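Some notes on the structure that comes next.
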Amino acid sequence: MADTSLDTSGDRAEELASALARVEERVAVACARAGRPRTSVVLVAVTKTRPASDVRLLAGLGLGEVAENKEQEGGPKRAAMAAAGVQGLTWHFVGQLQRNKAAAVAAWADVVHSVDRERLVPALAAGAVKHGRVLDALVQVDLSAAPAPEQEGGGRGGARPEAVPALCDLVAASDGLRLRGLMAVAPLGLDPAAAFARLAELAVTMRADHPSATWLSAGMSGDLEQAVAAGATHLRIGTALLGNRPPLG
Ligand SMILES: *Cc1c(COP(=O)(O)O)cnc(C)c1O
C-alpha cells in the first residue's frame, strides 16, 4: 500500500537536505572528472516504499524528478502531491513492468524506464493514448553475462542486447510513446564500469537509427560515479537520498 501521509517533521527535512547535499557533491565530482556539465545529468529520487511526505520534502528541496517501482504506489502518491498542491514533479516508473498493469502505469507515469519486452509495448501505448498522454519510454537492457530465465515479475529485468534494436523500433513506431533511450541496472557481481560501458556502446548503435533517443538511465546509490563516467543522463538514486529501505522494498 502506498503511504500517502503528509506529515513533514523537521528532523526528516534536515536528514533529507543533508543527504541531498552529499549526493549532489558526489554528482558534481563525478561530472567534473568526466568533463561533463552538471546540467547534463538528471537526478531522479527513487521514493519507492517511502511516504508521500518524503516526496513533498524532496520537492521542497528543489528535486523535481521522482521514481516508483510499483504501479499501485505511484498513482496514489502522485494524487497525494496534487492534492497537497505540490506542482511540477515528473514521475518515473522504474519497476518491472507487467502487461496487465501497463495501462495503469500509463495513467500516472511521465517516464517509463523499464520497457523490456515487445508484448508490453501495445499495452503501454494503448494506456497512454487512452489517457491522452505521451510517455517518455526507455528500453531496459539486461547486461548480465548469462541470460536470466524468462519470468514475469522476477529478476532484475531487461531485454537481451540482441533484442534491443527491434524493441526500440517498436517503441518509436507506437502512438503514445516517445523513445528516449536506454536504461540498465548494473548486474550483481559485474564491474559497473564495464557494464555501463557496454550500455553506452549499445546506445551509440541505437542512436544511428533513433538520433533523438539520447537518454541513458544508469547509476544507483552505489555506482553513480561509474554511470556518470559512462555518459549517464539520468541517475536513479534511492538509499543515498532516503536511507535504507525496509526489507523487501
Ligand atoms: C530501487 C531502485 C533504484 C535505487 O536504488 P538505490 O541503490 O537505493 O539507489 C534504482 N533503480 C531501480 C530500477 C530500482 O528498483
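In a residue-by-residue description of region 74-81, the property of being farther than 16 Å from residue 20 by Cα, open to solvent by 10 Å² or more (accessible area, probe 1.4 Å) and within 16 Å of the chain's Cα centre (by Cα) applies to at least one position. When region 223-249 is filtered for residues that are without any contact (Cβ under 8 Å) to a residue 12 or more places away in the chain and either within 19 Å of residue 31 (Cα to Cα) or touching a His at 6+ places or on another chain (Cβ under 7 Å) (or both), nothing remains.
Would you pick out the residues in region 68-85 that are touching a Gly at 6+ places or on another chain (Cβ under 8 Å) and in a loop (DSSP other than H, G, I, E, B)?
Keep residues of region 68-85 that are touching a Gly at 6+ places or on another chain (Cβ under 8 Å), which gives 68-71.
Scanning region 68-85 gives 69, 70.
Taken over region 32-55, the criterion of being open to solvent by less than 50 Å² (accessible area, probe 1.4 Å) and not in a loop (DSSP other than H, G, I, E, B) is satisfied by 34, 40, 42, 43, 44, 45, 46, 52, 53, 54, 55.
Residue check: residue 241 meets all listed conditions (1) surrounded by fewer than 18 Cβ atoms within 10 Å (Cβ to Cβ); (2) aliphatic (A, V, I, L, M); (3) near the ligand (Cβ under 9 Å from one of its atoms) but one, namely (1). Looking across 170, 188, 235, 179, one residue alone is more than 15 Å from the chain's Cα centre (by Cα) and not in a helix (DSSP H, G or I). It is 188. Here region 211-229 is the region considered, the condition is being open to solvent by 30 Å² or more (accessible area, probe 1.4 Å) and more than 8 Å from the ligand (Cβ to nearest atom), and the residue that is farthest from the chain's Cα centre (by Cα) is 211.
The values are calculated or read from the model by the stated rules, or taken from the named source; none is laboratory data. Computed from a predicted structure; not experimentally measured. Using ideal geometry, Cβ is built from the backbone for each residue, glycine included, and neighbour counts are taken over all protein chains shown. Just the protein is used for accessible areas: all its heavy atoms, side chains included, with ligands, DNA and RNA removed. Shrake-Rupley method; radii C 1.70, N 1.55, O 1.52, S 1.80 Å.
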